[in-house]
Amino acid sequence: MMLRFSECTLAKLDDTFQLRQVFESAMLDDWLTRTVELTAFEREALLFYQRGLKRNVHDWNEQELSLNFIGPVFSLVNFTTDQFNLFAERPLVGVFEGIEMRGEPDSMVASGFREPKKPYFCFQEYKRHTDPNGDPAAQCLAAMLVAQSLNETEQPIYGCNVIGQDWSFMVLQGKNYAMSMPFVATRDDIFDIFRILKALKQIITELVA
């Protein structure tokens, strides 16, 4: 049996793998509330990107949203280090509980320089709240399950899915997963979104140390 990320829904993943969504997660809370300072330059850059988002978010397609907002925000975090890097639309294939799963997450942070090796963070983006091509949270979770199988450890896998201006963060450990309420990038939440992404870089640095 082979399962593509694009075929996944949360209900299908829950039923197939006996997953459980938890609504209280110390691990997710620790990530979302980690204290990270933003520089004056970062704040100014975020406000610049936000102005473009406010003007265009209802008209941009997915690629335009990625090129004009998501990509610049990720670049500002700078996930490129000697231990891990940010990759986009790379094939991600693995076997989870005997079922082959595959897809191409919009982005992931993984060990490796030229090619991804062990993924730590999976990211999925959608333009609209209703999309005929699938469920971004489920596709992100499917990628996180493959990442968990490739890591072969009990360490948590982190994720995020974006629908337009709404960013929801996710954590998977074992068969339990948790999702945050959306952070709205057209509001002051943009500073929290960036702080959380910077905190993610800190967490991954600690994991690979």
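Each value in this text was obtained by applying a stated rule to the coordinates, not by laboratory testing. Every value quoted in this text rests on a predicted model; they were computed, and no experiment measured them. Using ideal geometry, Cβ is built from the backbone for each residue, glycine included, and neighbour counts are taken over all protein chains shown.
Binning at 10 angstrom from zero up to the longest distance, how are the C-alpha pair distances of region 152-209 distributed in percent?
21, 48, 26, 5
So what's the net charge close to residue 121: Lys and Arg +1, Asp and Glu -1, counting the other residues with Cβ under 12 Å from its Cβ?
Working: positive: 118, 201; negative: 106.
So the environment of residue 121 carries a net charge of +1.
For a footprinting-style exposure proxy, rank 31, 167 by other Cβ within 10 Å, fewest first. Working shown, then result.
Working: 31 21, 167 24.
By the 10 Å Cβ count, ascending: 31, 167.
If you build a Gaussian network model of the chain, linking Cα atoms that sit under 10 Å apart, which residue out of 168, 75, 107 swings the most?
75
About the Cα centre of the chain, how large is the charge dipole given +1 on each Lys and Arg Cβ and -1 on each Asp and Glu Cβ? Please answer in debye to the nearest 20.
On the way: 20 positive and 29 negative charges, 60 e Å.
For the chain, the charge dipole is close to 280 debye.
What is the magnitude of the charge dipole of region 1-86 about its Cα centre, with +1 placed on the Cβ of each Lys and Arg, -1 on the Cβ of each Asp and Glu, and no other charges, expressed in debye to the nearest 20?
Values: 8 positive and 13 negative charges, 45 e Å.
Dipole about the Cα centre, nearest 20: 220 debye.
Taking H placed 1.01 Å from N in the peptide plane, check which residues at least 5 places from residue 81 or on another chain put their amide H under 5 Å from its amide H.
none
Run the numbers on region 21-208 and let me know its relative contact order in percent, using alpha-carbon pairs under 8 Å that are six or more apart.
Details: 308 pairs, mean separation 42.9, N = 188.
Relative contact order comes out at 23 percent.
First select every other residue whose beta carbon is under 12 angstrom from the beta carbon of residue 191; then total the charges, Lys and Arg +1, Asp and Glu -1. Before the final figure, lay out each step's value.
Working: positive: 43, 187, 195, 198; negative: 37, 42, 44, 188, 189, 192.
Here the charged neighbours net out to -2.
Would you work out if region 1-43 is rounded, prolate or oblate? Take a ≥ b ≥ c from the square roots of the eigenvalues of the alpha-carbon gyration tensor; rounded if a/c is under 1.5, else prolate when a/b is larger than b/c, oblate otherwise. If you can, show how the numbers build up before the last one.
Working: a/c = 5.05, a/b = 2.07, b/c = 2.44.
Because a/c hits 1.5 or more and a/b fails to exceed b/c, region 1-43 counts as oblate.
Only helical DSSP H runs with n ≥ 4 go in: add -39500 (n - 2.57) per run for the chain, normalise by residue count and round the 222 nm mean residue ellipticity to 500 deg cm²/dmol. Display every interim value, and only then the final one.
Values: 7 runs with 80 residues, N = 209.
That calculation yields -11500 deg cm²/dmol at 222 nm.
Would you mind telling me the antiparallel percentage of the DSSP bridges in the chain, rounded to 5? Walk me through the intermediate numbers first.
On the way: 27 of 38 bridges.
Beta bridges within the chain, antiparallel portion: roughly 70 percent.
In the chain, which whole DSSP H runs stretch at least 24 Å along their own axis (Cα) and average 0.0 or higher on the Kyte-Doolittle scale?
On the way: long enough: 40-56 (25 Å, -0.74); 189-208 (29 Å, 0.93).
Those that clear 24 Å and a mean of 0.0 are 189-208.
Fully extended, how many nm does the chain gain between residue 7 and residue 59 (0.36 nm per residue separation, minus their Cα-Cα distance)? Before the final figure, lay out each step's value.
Values: separation 52, 0.36 × 52 = 18.72 nm, distance 2.63 nm.
Full extension from residue 7 to residue 59 adds 16.1 nm.
Setting aside same-chain residues fewer than 8 positions from residue 12, which lysines have a Cα under 30 Å from its Cα?
117, 118, 127, 175
So for region 21-208, taking the charge dipole from beta-carbon charges (+1 Lys/Arg, -1 Asp/Glu), which of 21, 158, 88 sits furthest toward the positive end?
Towards the positive end, the residue furthest out is 88.
Percentage of Cα-Cα pair distances in region 21-208 greater than 19 Å, rounded to whole percent? Walk me through the numbers before you get to the answer.
Working: 9989 of 17578 pairs.
The answer is 57 percent, as a whole percent.
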